[in-house]
1. Describe numerically, in nm with one decimal, the distance between label points set 7 Å from Cα along Cα→Cβ at Arg271 and at His257.
2. Going down the table (Lys265/Lys288; Lys180/Lys288; Lys203/Lys279; Lys203/Lys265), which pairs top 32 Å between alpha carbons?
3. Could you sort Ile261, Ile303, Ile131 by their accessible area in this structure, using a 1.4 Å probe and putting the largest first?
4. Treat each spin label as a single point 7 Å out from the Cα along the C-beta direction, and report the Arg302 to Asp162 distance in nm.
5. Rolling a 1.4 angstrom probe over the protein heavy atoms, how many square angstrom per residue are accessible across the range 137-251?
6. When you count, for each residue, the other Cβ atoms within 10 Å and take the mean per peptide, how do 101-108, 168-175, 288-295 rank with the highest first?
7. For a quick protection proxy, order the peptides 307-316, 242-251 by their average other-Cβ count within 10 Å, most packed first.
8. Could you look at the range 205-321 and say what percent of its accessible area is carbon and sulfur, using a 1.4 Å probe and all protein chains?
Amino acid sequence: MRRPDIAEKNRPTPTRPASTVLPCVAPRLRAATTACILPLMLGACASLNLGHSGGVTQSISRPAPGALPSREAAPRDIASLINDGATRTERGPRAALAGQTLSASQHNLEGAAAGERGDLVGAMRHFDRAIALSPDYYQAYSNRALAHVRGGNLRAARADFDRALNISPRYLAALTGRGKLNLHEGRLAAADADFTQAIRANKRDGLAWFNRGLARQKRGRHVAAIADFRKAAALHNERAEPHLRIGDSQMALAQPHDAMISYDKAVQRNRRSAGVLVKRAAAAEALKLDHQAAMDYRRALRISPTNSAAKRGLRRTLKRV
């Protein structure tokens, strides 16, 4: 568990992030920030790492701010939508001792520790106390919002994200959290606005560019989505996901040749994803390259023998070759 290094024991001010993070289910990509939230230990991060199959569970690690999500399938629970927006700071000592009167900062730390142990009730109690001691403690509101997400109370989560952003409108963790909540609930224009604010706060936040691309892609704004995914790819060129999403939008725009190039880039960055091979095969089919499509479908089935799209695609192409 990584926690911020809190030297003072006094009440935090809204201009000094003093929040804590728990382990999050997403791979680590380093980037600079000081903001952090309480990622929940549920589900997977939004979108995909082409090295995984389409499930929703990942190993525990901590993403850096701006890190791209790491899962091929879209997330299937709201907690997973928040996880990949988590940011982190360096590990620091917990200031609280048994029997000691705790400051707001210490309650926030103890709330994170309780969440790490799976004690959601205890985590909520500490975040409530942190906020009671310091009503402008926006990091605690953001942490409590994620605890509400884990408890399934999305309305309360939204209210706490709103409170955090009313106090600190450029707080990246809350912008990301609320944006992902909006994305999950289909409030695509609101999600676009939140991620746009996150980009204005930190133009090198690859996750914000990527997530805004997702919102725009879902709205059918494929040209704008491609521009955002390309920005995310430039910031994290080693990742396959932006290239895959670019290919998806190019297919939607009836540009299979360009999509093939994008899917090639995705495959080069991760050769063990059945999903991206199936997508590249579909682009090859659109270009009437049935032999290449059949090869990709076969490769996909070697990786994931139960992949139904690959099975159907292979049967379809073999009829024509």
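1. Here the modelled spin labels are 2.8 nm apart.
2. Beyond 32 Å: Lys180/Lys288.
3. Greatest to least solvent exposure: Ile261, Ile303, Ile131.
4. 5.4
5. That works out to 36 Å² for each residue.
6. Averaged packing, sorted descending, gives the order 168-175, 101-108, 288-295.
7. Values: 307-316: 16.8, 242-251: 24.8.
By packing density, highest mean first, the sequence is 242-251, 307-316.
8. For the range 205-321, the apolar C and S fraction of the accessible surface comes to 51 percent.
The values are calculated or read from the model by the stated rules, or taken from the named source; none is laboratory data. Given the structure is predicted, the values throughout are model-derived calculations rather than measurements. Here the Cβ is made from the backbone with ideal geometry for all residues, glycine too, and neighbour counts use every protein chain on show. Please note that ligands, DNA and RNA were not included when accessible areas were found on the heavy atoms of the full protein model with its side chains. Shrake-Rupley method; radii C 1.70, N 1.55, O 1.52, S 1.80 Å.
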